[in-house]
């Protein structure tokens, strides 16, 4: 009999779910029948070798592929609570991007001031009130753990910040619009270990408010940061599960070969 | 440990540490065998040899632990590799205690000899030797199973531990009878009880080793479960 | 120093021989450069020596005259300025909008490729052809007459390819990750263009515009073709002056002259005093052109300072 009383974890709610998703670049089938859940307020990591399709899959969520010709979605990604299929042609990608933000591999602050960068998402929604924007910008910069470093130079150029600061600024920019989900595309691969550590710490904090989907080629990062992990190879999800299972006792040999470095 | 890592250095490190574990296992196995030989022959010299090995066993434990720490720090192992290293850490602790038991047996032999006990007393040394043979065989089988990461063999070892326990119980009853029959044998009999207990513990350590093997191969922690449950868990 | 192994000595000799070639080429390159630079300097100095003494305040404020001593470039430089104004107003919005459409909006298909090829080809069309086109189209068919408006529009056509191409280059220089960052924030295509691409591309765009204008300022053939007059002793009317129904835009339809034509006119006269006038006017024209180029460089430097990716 258990001697201590532990409350069972609440079963996680489903934030998004892809169903039989195929994706084509022209005639090349980059994603094959991907069906995978993304749980709310949890961090889900996508790992796999180069070219396995993890970034391609990530960029389906906010319709980034629509910017380039030759793309084709086949299948669906449903976003809760309204269960809308974000890939459907009747859904406006702009609306999708207002619900799902993205942070990129190379920090990409605009050549504008810190304030303007963070406020940009709100500006494109038509917010003009300076006081409203100030509050939101401050909240976002605090949530991104960079407020103390930039509070006295909000009007300075964002590109003058260090790499790690720039990436946290981009995270603040993504957070300012209070999105439902944030996509991280290898957010720390261009950063030094200390900046990487602070970003990982940050992801652990923001997941309480936002659902996180992160692509990383650093397995230890996936192990540290995520609650759920999917291993992908050649456009398919080979295995999906809770991170501790994937890293201690994976079900598929391919998964184990990859994470133990026997891949090749 | 059959598939190769991308890093051959990592492969070497793992196979080196496994080899050392088997070396240590062989050493403590021979210690136990030697200690039992010393008991059977009442040989103070052999007992002395067993004791002189103790420092080496302890040193091996420390060394292997240090190698383990270094591998974990450098390689950030996951899944099977991580389970292997964790299991080895526990295994060498068990082996070290087997060495301790062997040393205890040897010291008991020396005490018996010093107090003038000899083969003249009709002590059930043979029974103790029988129990010891079971335990040593168990240990050898467990080490074999470790070398081959053989789950089925490991389960046999676990099952065999029950036999060893039964033998111990039988021995206890016999020794109690001896003590009741001839009070002069009490001192020596109690010493034999200690020896029998030590051997029973050797069997337990072999069982622990087997449980670790199942953990490495299947990823399931089967400790503190009865044999039948283990067979199901290890499927 | 200890004796070096023989191999090092050989190496040293070889390196020395190669360095000699380095030096030789450096000298030759410098000589070649000097030929070009010194020729230009000599021409310019010659022109300056001839013309600068003639540069008095009167020269800038007088109309042309049969008497060389009294002739000035007032109507010419005012005409040049006004024509440049019209050129800029016509070429810049059309060119920039066209470039933005081609770069950001148009789909990459054969039709777009066709348009692109045509635009680049237009840059190579001889300027007199533009003049003839303008004569038929602007002067006669549209009825603008031989006016500043026609001249400005003709030159606008001339420099349109330059503006479009440099604007496209400026847009292309903006890295894709900036666009993606803006789109990821939920911006529409026009928001991306107006909030990001135009502001960041502005240094390049402005440079292109100014370079285009600097070229247009010296174009003579099309202006002659559409009939700029050479002896204009009056200025285009200021807005709202003159007989009713004079309005803001009467000056557009006024006859005019420009600097290159005035220079040409004076050069073709036998009187050496007029040649001095021509030299002085040339000096002014070159100065204006160099000034515009310098402004382009300075503007580019100033605006580029804050743009980093």
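The values are calculated or read from the model by the stated rules, or taken from the named source; none is laboratory data. Everything numeric in this text was worked out from a predicted model, so none of it was measured. Ideal geometry is used to build each Cβ from the backbone, glycine not excepted, and the neighbour counts take in all protein chains shown.
The listed residues are A:158, A:145, and the only one of them that is within 14 Å of chain C (Cβ to nearest Cβ), touching a helix residue (DSSP H, G or I) at 6+ places or on another chain (Cβ under 6 Å) and at pLDDT below 95 turns out to be A:158. Residue A:83 satisfies every condition listed in (1) farther than 17 Å from residue C:176 by Cβ; (2) at pLDDT below 95; (3) within 14 Å of chain C (Cβ to nearest Cβ) except (3).
Residues in segment B:91-111: is at least one buried (at least 19 other Cβ atoms within 10 Å of the Cβ), part of a loop (DSSP other than H, G, I, E, B) and at negative phi? No; the residues of segment B:91-111 include none that is buried (at least 19 other Cβ atoms within 10 Å of the Cβ), part of a loop (DSSP other than H, G, I, E, B) and at negative phi. Collect the residues in segment B:209-229 that are away from chain A (no Cβ under 14 Å) and crowded, with 22+ Cβ neighbours inside 10 Å, keeping them in residue-number order. Listed by number, the residues that qualify are B:209, B:210, B:211, B:212, B:213.
Those helices (runs of 4 or more DSSP H) of segment C:79-198 in which 3 or more residues are within 14 Å of another protein chain (Cβ to nearest Cβ) and in contact with a strand residue (DSSP E or B) (Cβ under 9 Å, 6 or more places away or on another chain) occupy C:176-184.
Here is a yes/no grid of residues against (1) within 14 Å of chain A (Cβ to nearest Cβ); (2) touching a helix residue (DSSP H, G or I) at 6+ places or on another chain (Cβ under 9 Å); (3) under 23 Å from residue B:210 (Cβ atoms):
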position	(1), (2), (3)
B:4	yes, yes, no
B:8	yes, no, no
B:11	yes, no, no
B:14	yes, yes, yes
B:18	no, yes, yes
B:27	no, yes, yes
B:31	no, yes, yes
B:38	no, yes, no
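Residues of segment A:236-264 being surrounded by 22 or more Cβ atoms within 10 Å (Cβ to Cβ) and facing chain B (nearest Cβ under 9 Å), which ones? Matches in segment A:236-264: A:246, A:247, A:250, A:255, A:256, A:259, A:260.
Set side by side, the residues A:230, A:222, A:174 differ, and just one is within 17 Å of residue A:58 (Cα to Cα), surrounded by 19 or more Cβ atoms within 10 Å (Cβ to Cβ) and within 11 Å of chain B (Cβ to nearest Cβ), which is A:222. Can you name the residue in segment C:66-76 that is part of a helix (DSSP H, G or I) and touching a helix residue (DSSP H, G or I) at 6+ places or on another chain (Cβ under 6 Å) and is also surrounded by the fewest Cβ atoms within 10 Å (Cβ to Cβ) among such residues? Step by step, filter segment C:66-76, then rank; the result is C:68. Residues in segment C:42-75 that are under 22 Å from the mean Cα position of the chain (by Cα), modelled with pLDDT under 85 and within 21 Å of residue C:272 (Cβ to Cβ): C:73 only.
The set of residues from segment A:62-80 being away from chain C (no Cβ under 14 Å) and outside any loop (DSSP other than H, G, I, E, B) comprises A:72, A:73, A:74, A:75, A:76, A:77, A:78, A:79.
Scanning segment A:177-195 for residues that are touching a strand residue (DSSP E or B) at 6+ places or on another chain (Cβ under 8 Å) and surrounded by fewer than 19 Cβ atoms within 10 Å (Cβ to Cβ) yields a total of 1. Among the residues making up segment A:86-116, none is at the interface with chain C (Cβ under 9 Å from one of its Cβ atoms), more than 19 Å from residue A:185 (Cα to Cα) and crowded, with 24+ Cβ neighbours inside 10 Å. If I filter segment B:56-72 for residues that are within 14 Å of chain A (Cβ to nearest Cβ), assigned to a helix (DSSP H, G or I) and more than 30 Å from residue B:192 (Cβ to Cβ), do I get at least one hit? Checked against the condition, which is being within 14 Å of chain A (Cβ to nearest Cβ), assigned to a helix (DSSP H, G or I) and more than 30 Å from residue B:192 (Cβ to Cβ), segment B:56-72 yields at least one hit.
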